[in-house]
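Shown next, in structure tokens, is the structure this report addresses.
A short reminder: the numbers here are calculations on the coordinates, not readings from a lab. It should be emphasised that the depicted structure is a prediction, and the values quoted were computed from it without experimental measurement. Every residue, glycine as well, gets a Cβ built from its backbone with ideal geometry; the counts of neighbours run over all protein chains shown.
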Amino acid sequence: MKKIIIMMLLSVATLTANKVIAAEPVSPEPKVYDVVEKMPSFPGGSEALKEYLKKNTMYPNPDACITGRVVVVFVVDEKGNVGDVKVARSVEPSFDAEAVRVVKAMPRWNPGTEKGKAVKVRYTLPVTFRLQ
């Protein structure tokens, strides 16, 4: 008798859970493109981006004598805002944190477009750390 009651309760719980899941509205997230007709661009172009990185990137630990390239991946949204910043290739935690900080502090980009419409685009940027 106990087994039948437990089975019935599990069946009711399963049916109720299925109804709740099915009743929730599903709003699809806008697609994030990897390649579009017109890729996003930094205001002023690639030379301005290089200059921005040069002026705003601080060498985290000069005593460490470490050099390398942190590869950062981020999304430029439809309005040109930079977000969802992640390290794709690490050098050392303090260098990774500095690369992420500099990218998050960037001004708005010119958004990428697909079929004449501004869209979210994933962008990869290497940030190089060198002692001089």
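I'd like the full set of residues that are β-branched (Val, Ile, Thr), outside any helix (DSSP H, G or I) and over 21 Å from TYR33 (Cβ atoms), limited to region 88-132.
Those that are β-branched (Val, Ile, Thr), outside any helix (DSSP H, G or I) and over 21 Å from TYR33 (Cβ atoms): VAL91, VAL127, THR128.
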Counting just the residues of region 74-89 that are surrounded by 16 or more Cβ atoms within 10 Å (Cβ to Cβ) and touching a Phe, Trp or Tyr at 6+ places or on another chain (Cβ under 8 Å), which one comes out nearest to PRO60 (Cα to Cα)? VAL85
Search region 90-128 for residues being surrounded by fewer than 18 Cβ atoms within 10 Å (Cβ to Cβ) and among the acidic types (Asp, Glu), and hand back the single one that is nearest to GLU78 (Cα to Cα). GLU114
In region 86-112, residues that are more than 12 Å from ARG69 (Cβ to Cβ) and of a type in the set (Asp, Glu) total 1
Would you check which residues across region 46-73 are assigned to a helix (DSSP H, G or I), surrounded by fewer than 14 Cβ atoms within 10 Å (Cβ to Cβ) and either touching a residue at least 24 places away in the same chain (Cβ under 8 Å) or touching a His at 6+ places or on another chain (Cβ under 9 Å) (or both) and list them? ASN56, PRO62, ALA64
State the number of residues belonging to region 92-116 that are more than 17 Å from the chain's Cα centre (by Cα), touching a residue at least 12 places away in the same chain (Cβ under 8 Å) and farther than 12 Å from PRO60 by Cα. 3
